[in-house]
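Let me begin by presenting the structure, written as structure tokens, before commenting on it.
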Amino acid sequence: MTGQNSAVDEVVQLASELIRIDTSNTGDPATVVGEKEAAEYVAAKLAEVGYEVEVLDSGAPGRSNVFCRLEGADRERGALLVHGHLDVVPADPSEWSVHPFSGAVRDGYVWGRGAVDMKDMVAMTIAVARRFKREGVVPPRDIVFAFVADEEAGGKYGAQWLVENRPDLFEGCTEAVGEVGGFSLTLGEDQRVYLIEAAEKGIAWMRLRARGKPGHGSFLHDDNAVTRVAEAVARLGNHTFPLVLTDTVREFLASMREITGLEFPEDDLEGSLAKLGPLARIVGATVRDTANPTMLSAGYKANVIPSTAEAVVDCRVLPGRQEAFLREVDALLGPDVTREWVTELPPVETPFEGPLVEAMAAALQTEDPGSKAIPYMLSGGTDAKSFFRLGMRCYGFAPLRLPPDLDFASLFHGIDERVPIDALEFGTRVLDTFLQNS
């Protein structure tokens, strides 16, 4: 079989086999599994059709990454990076209706941890890369394929390390595509938009610490570290940061207004976003900074007042808001609670314009005539944060045409994660067309 069908015919098997490799990333390097095995699997699939593949560890043994380059017709043009991560978040089999690492293919879906985050895109990319090499397809410019480790824990042993220590691997790359974007949203009868990620909030995991005077739990005590950190956490967790519309969010809302006729007045923006259904959770998280307490730690015995107490807060910060956000945080914490960063990754925002955006939209319209590509901001983060540091224009484009009633957002890190087979095959055709015209 030749043409796009040769890639479509193997993408489901590739996705299923990738899911069967347990690449759970706990965040603790001592308990991370499977990334090396997954990298070897990917490398073998690419080498089998003739790619010169480089496999290397990034910062620690077993944190393996795979790279190869397909030469394009115009070697003077900037190269395109197509990237995906091999790790997944852990899953508890007792909570699932199928084993999360079975890669089961049934009921029109491929099931398992990583099915949408993001072994679906990895499988589509491998399938298209294999077809191009096997059939001698020459893209307009060089394409660098990268499959990396540790994205689910912030990329310290993956994209961050590679950018800081091996920038040569990305030589000539001026643009990049990866997760999370290119998926459809059905607005009405046979009317779909495809959301392309053009921006992401910054990630700032912050540790708070309070100190006080230790003592016996039965005494009167006005210098309690636990009370101090708890009060600061409550102030921060209950705080509502100001509404801020970035360029990407404004363009998203303008596009939705044009397509649907819905209005999104700023004086009731969050209320009006509810009209978007499940998507409201994603978009609603991109109009304000957030600071959500996630961990508390203090003491070692019920009747002993400890000298220190700590908390961890997951902060997500809009582009251009870093300094103002910190001023608000410090005012809420007060002078008796200190803060330090556990992880700090910057916001990313790329203008939604230019030939690459046009190529994404055209590829989608080839498979779904009448559809429209629009930008959105991701409330989470991806490896784009690292590649952005090298000056690349970064977008999320893992194309999927989804059933109208599928709550896609809930599948990320969720129970019974799965991807429709039809969506995988659709995405493979779109990615194939896009990469031939990018």
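Some values worked out for this structure:
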{"read-out": "Computed Kirkwood radius, in angstrom, where 1/r is averaged over Cα pairs of the chain", "value": "22.9 Å"}
{"read-out": "Segment Ala274-Glu231, length gained on full extension (0.36 nm per residue, minus Cα span)", "value": "12.3 nm"}
{"read-out": "Whether the stretch 279-335 is rounded, prolate or oblate, judged on the alpha carbon gyration tensor where a/c under 1.5 counts as rounded", "value": "oblate"}
{"read-out": "Between helix 119-135 and the chain: long-axis angle, C-alpha atoms, 0 to 90°, nearest 10", "value": "30 degrees"}
{"read-out": "Calculated diffusion of the stretch 14-156, Stokes-Einstein form, Kirkwood radius summed over Cα pairs, 20 °C and 1.002 mPa s, µm²/s", "value": "136 µm²/s"}
{"read-out": "The stretch 153-221: Cα Rg divided by the 2.2 N^0.38 Å rule of thumb", "value": "2.15"}
{"read-out": "Ordering of 195-201, 296-302 by packing [mean C-beta count within 10 Å, highest first]", "value": "195-201, 296-302"}
{"read-out": "Derived scalar couplings ³J(HN,Hα) [the stretch 197-212; Karplus, 6.51 cos²θ - 1.76 cosθ + 1.60; whole Hz; x for Gly, Pro]", "value": "6, 10, 7, 9, 5, x, 10, 9, 8, 10, 9, 9, 9, 10, 10, x"}
{"read-out": "Alpha carbon convex hull of the stretch 227-373, volume per residue in cubic angstrom", "value": "163 Å³"}
{"read-out": "Selected from His99, His216, His85 as most flexible by GNM, with the chain as the system and alpha-carbon contacts under 10 Å", "value": "His216"}
{"read-out": "Listed residue (Ala91, Pro29, Phe67) projecting farthest to the positive dipole end of the chain, Cβ model", "value": "Pro29"}
{"read-out": "Given charges at beta-carbon only (K, R positive; D, E negative), |dipole| of the stretch 104-161 in Debye", "value": "280 debye"}
{"read-out": "Taking Arg130, Arg113 and counting other C-beta atoms within 10 Å, the order from fewest to most", "value": "Arg130, Arg113"}
{"read-out": "Asn238 paired with Ala44, simple spin-label distance in nm, labels 7 Å along Cα-to-beta-carbon", "value": "5.7 nm"}
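Since every read-out is calculated from the coordinates, none of them should be taken as a lab result. Every value quoted in this text rests on a predicted model; they were computed, and no experiment measured them. Every residue, glycine among them, receives a Cβ derived from its backbone with ideal geometry; neighbour counts consider all protein chains shown.
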